1. Using only the Cα atoms of the range 111-159, build the gyration tensor, take square roots of its eigenvalues as a ≥ b ≥ c, and label the shape rounded, prolate or oblate: rounded if a/c is under 1.5, else prolate if a/b is larger than b/c, else oblate.
2. Need the C-alpha centroid separation for the range 196-228 versus the range 30-83, integer Å.
3. Pairing the Cα long axis of helix 232-248 with the longest principal axis of the chain, what angle in degrees results, from 0 to 90 and rounded to the nearest 10?
4. Shape call for the range 1-106 from the C-alpha gyration tensor, a ≥ b ≥ c root eigenvalues: rounded (a/c under 1.5), prolate (a/b greater than b/c) or oblate?
5. Sticking with the crude label model, points 7 Å out along Cα→Cβ, report the distance from Ser44 to Phe22 in nm, one decimal please.
6. Can you compute the FRET efficiency between Glu103 and Lys220 using 1/(1 + (r/R0)^6), with r the Cβ-Cβ distance and R0 = 41 Å? Round to the nearest 0.05.
7. Could you work out the percent of alpha carbon pairs in the chain separated by over 24 Å, rounded to a whole number?
8. Testing the spin-label approximation: label points 7 Å from Cα along Cα→Cβ at Lys63 and Ser4. State their distance in nm.
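The values are calculated or read from the model by the stated rules, or taken from the named source; none is laboratory data. Just so we're clear, the structure is a prediction, and the values are computed from it rather than from any experiment. All Cβ positions, even for glycine, are placed from backbone atoms using ideal geometry, and neighbour counts span all protein chains on display. Note: accessible area is taken over every heavy atom of the protein model, side chains too, but ligands, DNA and RNA are not part of it. Shrake-Rupley method; radii C 1.70, N 1.55, O 1.52, S 1.80 Å.
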Amino acid sequence: YLESLIAKQRKGRRPYKLDRVFRMMELMGNPHLAFKSIHVGGTSGKGSVCHIIAEILKEAGYKVGLHTSPHLEKINERVKFNGKDIENKDFIKLVNEVQPIVEKIRKERKWGKPTYFETIVALTFQYFKKKKVDVAVVEVGLGGTLDATNVLQPKVAIVTNVGLDHTQILGKTVERIAKDKAGIIKEGIHVITAATQKNVLDIIKERSREKHANLTIIGKRPSVPPLSLGGEHQKINAACAIEAVKKSGFKVS
């Protein structure tokens, strides 16, 4: 059923509509507002940053939901509670719950048919609501502005870095892509970025100013505790994660 929702993308057009996702949330009782969240976007490093944040908060004793994409072997990997994939029975139950809502929106015609990713995001937020998570760490699927996850009202937003990705959808230049990714920056929140290009930082700074958001810029050589993860890039990812936890308001030793 989920795979039947995979949108056929026409060249130069995006099948994504944020108002459609808000409609789904409305019909489900707005599960996206039932928990605090940390929203992670960017070109690369999103998954690592999400996992590090989720692990820190879990070890600190919080109930943590984690949403990432895509999955490698099974769809359950996209939806985690305290480090464990959602069980098949729970996943199936949620699909059965959300299916009538998807069909209702399709029949309304005003919004268009929800996509595969939008539906998974909707059932993920419903799962986090049911599990009464203290915080959800949510990875952006694609871009930021029109991504289904952008219905969240996060405490912290992270733009890891910006490069040329999904150029057929997001645009042919780093500047256009940066503007799209900066769309996850909301009013008055904390924002963290490890972007280094001046033109990209200017866009993130401007969006942060417009939204009265508090921006922290991670340098090229951040100081972090010893890591078990290999690669210099993981130091930057870890620095983003640690700073996000500090700014989140959750108490961590």
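1. Details: a/c = 2.34, a/b = 1.15, b/c = 2.03.
Because a/c hits 1.5 or more and a/b fails to exceed b/c, the range 111-159 counts as oblate.
2. 21 Å
3. With both axes taken from Cα atoms, the answer is about 70 degrees.
4. On the way: a/c = 1.65, a/b = 1.39, b/c = 1.19.
Judged from the Cα gyration tensor, the range 1-106 comes out prolate (a/c at least 1.5, a/b above b/c).
5. 3.5 nm
6. Working: r = 49 Å, r/R0 = 1.21.
The value I calculate is 0.25.
7. Details: 14345 of 31878 pairs.
Considering the chain, 45 percent of its Cα-Cα pairs are separated by more than 24 Å.
8. Using points 7 Å along Cα→Cβ, the separation is 3.4 nm.
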